[in-house]
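Structure, as structure tokens:
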């Protein structure tokens, strides 16, 4: 699944959050250190948004709409400054005390570290903070709370991942391209074997076999969420994945690698676009990227098969953080609500194809999904997503899991079940330190 597209850039941007962990450990504050005066202060603010072309287009229009009606509370919007990653840039800005008021590119995996640096405002501090977030996002919002139930991030947009498959390659292999057998592990393996044996692609699927902590968000986590009906990797401070469902998911992927149906070496390019793999695990951003591929999409598989309307997956979300360097937090909060209103969420959806994290997505924008059927599956899937574990040690926890996964599942070194248990013990230790 290595590709020189927006997905690779998203993954790379998250990747250097490991560096942020070091910054986070240098600070003793637990975040939210804003005075009551700052919470109500009004005036000009600065925000950062992603440098993705579509999001820049949305951001500029959204800022212009606000500024037209708020002459005394002007917003300066700009792309996040260049750096090895957005997380590294944000972490450095927190340390320097010059972070903007809002960043529309905050990775959930980095929030705990930013909070530990003292860089994030607790949005629950605003009188309507928690109620606004929970009304907009519903039950999913609880995944974005810290251990004390506070919100240091506003759940903003997700890219729920599903299985993309190349209809032309499926048909060439003699498979049903309109109703492929991919819902159970047994069917997925049989279909994969047919594709490779027919020689239509080198691999059936080729997720990144590299060791970065975030890569498990695109192989293990989606399938584990689906198999368990919505479990994340950590629950109540304890690792969940060393269970029967985790063993089943890991054994499924081990079979793919063992039978050479998934690649163990990094592909230098886009394996799906190039036809090197007949399937990929991607989010709705891929609709525009793969416009030249005759693709179809289905939910990720489960052991015995789960109906699409009950299948969970990984969210691949980016959220909004308010930073404590902001002097006019009253304006920042009002602007944050404006930028995540029903009208602006529609503009975001129409401009970027990414799913606003809101309870009424499919019904509020029913006309959009009718006019853009390629996104309808993702709009429905967005209601059932799982996020990374919260807390200051998220990156380390994910890395401990990935190290075990890479060794036992991808490369077949050691016992899979034992490796998951060992990783769970490490994750428990890290979670306890939070």
_Protection proxy ranking of 346-355, 291-300 - average other beta-carbon atoms within 10 Å, highest first_ = 346-355, 291-300
*Spatial separation of Cα centroids for the range 165-235 and the range 382-434, in angstrom*: 21
*With only alpha-carbon atoms counted, please give the Rg and Dmax of the range 215-354, in Å.*
19.2, 58
*asked:* How tilted is helix 244-258 with respect to the longest principal axis of the chain? Cα atoms for both, answer in degrees (0 to 90, nearest 10).
replied: 60
*asked:* So for the range 182-299, averaging the separation of alpha carbon pairs under 8 Å that are six or more residues apart and normalising by length, what relative contact order in percent results?
replied: 35
_At a threshold of 8 angstrom on Cα-Cα distance, excluding pairs fewer than six apart, so keeping six or more, what relative contact order does the chain reach in percent?_
27
*In percent, how large is the relative contact order of the range 348-434, given Cα pairs closer than 8 Å and 6 or more residues apart?*
23
*Assuming a ≥ b ≥ c are the square roots of the Cα gyration tensor eigenvalues, decide whether the range 283-430 counts as rounded (a/c under 1.5), prolate (otherwise, with a/b larger than b/c) or oblate.*
oblate
*Going by average Cβ neighbours within 10 Å, how do the peptides 91-97, 241-247 rank, with the highest at the top?*
241-247, 91-97
*With axes computed from alpha carbons, what is the tilt in degrees of helix 185-197 against the longest principal axis of the chain, rounded to the nearest 10 within 0 to 90?*
70
_Sequence ranges 317-327, 178-188, ranked by mean other-Cβ count within 10 angstrom, highest first_ = 317-327, 178-188
*Using only the Cα atoms of the range 278-341, build the gyration tensor, take square roots of its eigenvalues as a ≥ b ≥ c, and label the shape rounded, prolate or oblate: rounded if a/c is under 1.5, else prolate if a/b is larger than b/c, else oblate.*
prolate
_For the chain, take the longest principal axis of its alpha carbons; what is the angle in degrees between that and the long axis of helix 416-433, to the nearest 10 within 0 to 90?_
10
*What list do you get for 109, 406 if you sort them by fewest beta carbons within 10 Å?*
406, 109
*Quickly estimate the mean residue ellipticity at 222 nm for the chain, helices only: each DSSP H run with n ≥ 4 gives -39500 (n - 2.57), and the total goes over all residues, rounded to 500.*
-12500 deg cm²/dmol
_Debye calculation, C-alpha points only, no solvent: report log10 I(q)/I(0) for the range 199-289 at q = 0.20 Å⁻¹, in the same order as the q values._
-1.04
_Per-pair calculated FRET efficiency, R0 = 30 Å: residue 363 and residue 61 via Cβ, rounded to 0.05_ = 0.75
*the range 56-72-the range 293-360 distance, computed between alpha-carbon centres (Å)*: 20
*asked:* For the range 58-165, take the convex hull of the Cα atoms, compute a quarter of its surface area, and give me that in nm², please.
replied: 9.6
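We did not get these values from a lab; they are worked out from the coordinates using the rules stated. Keep in mind it's a predicted model, so treat the numbers as computed, not measured. With ideal geometry, Cβ positions are generated from the backbone for all residues, glycine too; neighbour counts draw on all protein chains shown.
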